[in-house]
Structures are given as C-alpha cells and as structure tokens.
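All remarks here apply to the structure that follows.
The values are calculated or read from the model by the stated rules, or taken from the named source; none is laboratory data. This one's a predicted model, so the numbers in the text were calculated from it and none came from an experiment. Cβ: placed from backbone, ideal geometry, glycine included. Neighbour counts: every protein chain shown. Accessible surface is based on the protein model in full, side chains and every heavy atom, while ligands, DNA and RNA are left aside. Shrake-Rupley method; radii C 1.70, N 1.55, O 1.52, S 1.80 Å.
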Amino acid sequence: MNQEIVVSGIRSTGNLHLGNYFGAMKNYVKMQDEYPCYFFVADYHSLTTHPEPAALKQNVYKVLAENIACGLDPEKVTLYVQSDIPEIPELYLILNMLAYKGELEKTASFKDKARSQPDNVNAGLLTYPTLMSADIMIHKGQYVPVGKDQEQHLEMARNFAQRFNHRYGETFPEPEAFNFGTQLVKIPSLDGNGKMSKSENENATIYLCDTDEQIIKKIKKAKSDQGPLTEFSEMPDYIVNLFDLMQLVSAKETVEHFKSTFNHCTIRYGDMKMQLAEDMIKFISPIREKTISIKEDTALIQKIMKAGKEKARESASKTLAEARKKIGIHFYC
Ligand code: ADP
Ligand code: TRP
C-alpha cells in the first residue's frame, strides 16, 4: 500500500455519465487497492445552483449507489457525504482568508457559471475552489483523481496549501491531479460542443442509468457527415470524438477496422454508430442494473454513509486541530 492519501469528490447534481466514469471513477476503483482513499459526494458544492431539496437528497443516494455499482468497495475506501463532515466548512473558512478575490474571479469555472447563471452569481460560486481545496486538505490529500476540467482548481489548491505552509509552517502536502499513466481525460459530448456533463447537454451525454434504447438513440443522433472523400484525410473533431468513445468501450480490432474504413473512404457512420451503441450497452447495462438494486436498499446506503462519516471525521478532526493550533486558535490545553 502506498502512503500518499487520495481524495476526490463528485457533485450531487444529477445522473453520473461516461465523463464521470472515465474521468474520475475508473481511477477511484483502481486506486482503492493501492492507496488510502477518501471519496465523497460533494453536496455542498451542488448548492451553488440551488437544487430542489428532495432532488438533492435523491441525488446524494444515487451518486453513492452509482459509485458502488462501478466497483468502489466501502470496505476498502472511506466513502462519505461532504456535509457530514463539519470540519470541512471550518477549514474552508480558514482557507478563505488566504484566497484573494482577484484570483477567485479569474477562475475559468467561475467565469463560465457567472455567464450561464447571471442572476445567481453567489459567493459560494466565487469560493468554490476554496471549498474544494478544504475537501482535499482536510485529509492531507496528495493525489486527486479528476478529469481535465478540474486542473485549474487543483492548481489553486496547491497555491492555498503553499500559502498556509509558508505562513504557519509545513502542514499540508501540495495536491496534484492524478490519472494512471496517461494525461487527464476529457470525454466530449456527442454533439461536438464541449464535454459530457451532468446538468447540461442532456441529449449529448450518455448517462450510466440510460436505457439501451436511450443509448442507441443518442449515439444515432451524434454528429457525423457523408464520410471522407479523399483517402487518409484529416478527421473532423466530431468524428474524432466518436472514435474516442469507441476506444473506451470497444475492442481494439473494432476501432482499427473502422479507422481503416475511414482512411479508405469506405466508412459507413451508420454501421459504426450501431457497433458503438452495441458495445456501449454492454458496458453500461450491468452498471445500470446494479445501481438500481443498490439504490433500492436505503438502509444499506445509510449504513455505508454512517461508517464513512466516522472514518472521515477521524482523519478530518486531526488535521483541523493541527491547523487551528498552527494558526493560534487553540486556547484550552
Ligand atoms: P459534472 O461536471 O458532470 O457535473 P462533476 O463536476 O461532479 O461532474 O465531476 C465529477 C468528476 O467527473 C470530476 O473529477 C470531473 O473532472 C469528472 N468529469 C466530469 N465531466 C467529465 C468529462 N466530460 N470528461 C472527463 N471527466 C469529467
Ligand atoms: N469540483 C469537482 C467537480 O466539479 C468536485 C469536487 C468537489 C472535488 N470537491 C472536490 C473533486 C475535491 C476532487 C476533490 O468535478
């Protein structure tokens, strides 16, 4: 077992999708045998968009069920809900004193959200990166398995850790985004516009709970064209995307076969899409079915949440006590 501590979270904002799986959860499952791991549902983070209370609760259960269905073993990892750990908001408050308005305003995710929800540019959105840093630092996390979209947040977490260490003495490791061997992943949406995402672009995102029919329908509708007219021509982005998706779920020979037909201008995108849909269904349907059975067992999910809460608080309270002491907030000993 390695020493480095692994921390990562997924927001409870909707159904998990291929991007969550290949960007984050696939690494979680691999890392659980090699590192001490803390994985959680980031329910506080999802409050920035003011979800309906009943929907939020269901989403928290669902994210937990989907994580387990994808192979996370609650016996091996600490699996918990962010809002169950009061030490996190306390560290968040402390880190906010080390975060500057200017740098928070420059964060790409803040600028995107400020543009997409101009009527709700709340302080939680602005300080999203400090809460995320607190999530990681509360366990002295070092490796953070996330997709490419989170790179900038991790850079900020390193800055906050450095600032704390510089001011108060060495306390926190500098966390880094982690992916086994290769670069961070970004799973594109099926319409060629941006990434797959829980809350936007629903028809261009494949969810882990999609039915076979939905998968076929979405893949059929994915952007394509008449096919190349000259041999070995450059692939348009949206076709690259289809091949990227195929690479995730299909056999190597299948991908090679369609690449070769592309290069020789004999490709039929209809056939390629049917093959992709078939392989995607083989990949998704067992996860979907397993999620349904876990989600029905609320008692089991609550038991897992409670056990995770205890383990996570044990680690979190140690770190927070150390941070408070270093800052000078400790009066009764
Ligand atoms: P979403 O952006 O879909 O709401 P989250 O923000 O909760 O999902 O992200 C949870 C994890 O999934 C993060 O590690 C994030 O980097 C990863 N992730 C989300 N979308 C993608 C994607 N399209 N490609 C790769 N990774 C992704
Ligand atoms: N911000 C992450 C996302 O949108 C979710 C998240 C919250 C997270 N806290 C975290 C990821 C801590 C890794 C570590 O995807």
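Yes or no, residue by residue, for (1) open to solvent by less than 30 Å² (accessible area, probe 1.4 Å); (2) within 22 Å of the chain's Cα centre (by Cα):
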| residue | (1), (2) |
| --- | --- |
| Met246 | yes, yes |
| Ser250 | yes, no |
| Glu256 | no, no |
| His264 | no, no |
| Asp271 | no, no |
| Gln275 | no, no |
| Phe283 | no, yes |
| Ile287 | yes, yes |
| Lys290 | no, yes |
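Here's the yes/no breakdown for (1) part of a helix (DSSP H, G or I); (2) within 15 Å of ligand 2 (Cβ to nearest atom); (3) open to solvent by less than 10 Å² (accessible area, probe 1.4 Å); (4) over 30 Å from Arg167 (Cα atoms):
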site: Phe22; (1), (2), (3), (4): yes, yes, no, yes
site: Glu34; (1), (2), (3), (4): no, no, no, yes
site: Pro51; (1), (2), (3), (4): no, yes, no, yes
site: Val63; (1), (2), (3), (4): yes, yes, yes, yes
site: Gly71; (1), (2), (3), (4): no, no, no, yes
site: Leu95; (1), (2), (3), (4): yes, yes, yes, no
site: Arg115; (1), (2), (3), (4): yes, no, no, yes
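Being over 19 Å from the mean Cα position of the chain (by Cα), open to solvent by 10 Å² or more (accessible area, probe 1.4 Å) and within 22 Å of Thr319 (Cβ to Cβ) is the requirement here; does Lys76 meet it?
Yes; evaluated as a whole, the condition is true for this residue.
How many residues does the range 30-50 hold that are of a type in the set (Phe, Trp, Tyr) and modelled with pLDDT under 95?
Residues meeting the conditions: 0.
For the structure I just gave you, tell me whether Gln162 is open to solvent by 70 Å² or more (accessible area, probe 1.4 Å), without any contact (Cβ under 8 Å) to a residue 40 or more places away in the chain, of a type outside the set (Gly, Ala, Ser) and within 12 Å of ligand 1 (Cβ to nearest atom).
On the way: open to solvent by 70 Å² or more (accessible area, probe 1.4 Å): yes; without any contact (Cβ under 8 Å) to a residue 40 or more places away in the chain: yes; of a type outside the set (Gly, Ala, Ser): yes; within 12 Å of ligand 1 (Cβ to nearest atom): no.
For Gln162, the condition - open to solvent by 70 Å² or more (accessible area, probe 1.4 Å), without any contact (Cβ under 8 Å) to a residue 40 or more places away in the chain, of a type outside the set (Gly, Ala, Ser) and within 12 Å of ligand 1 (Cβ to nearest atom) - is not met.
Applying the selection to the range 134-157, what residues are free of Cβ contacts under 8 Å to residues at least 40 places away in the same chain and open to solvent by less than 70 Å² (accessible area, probe 1.4 Å)?
Gln150, Leu154, Ala157
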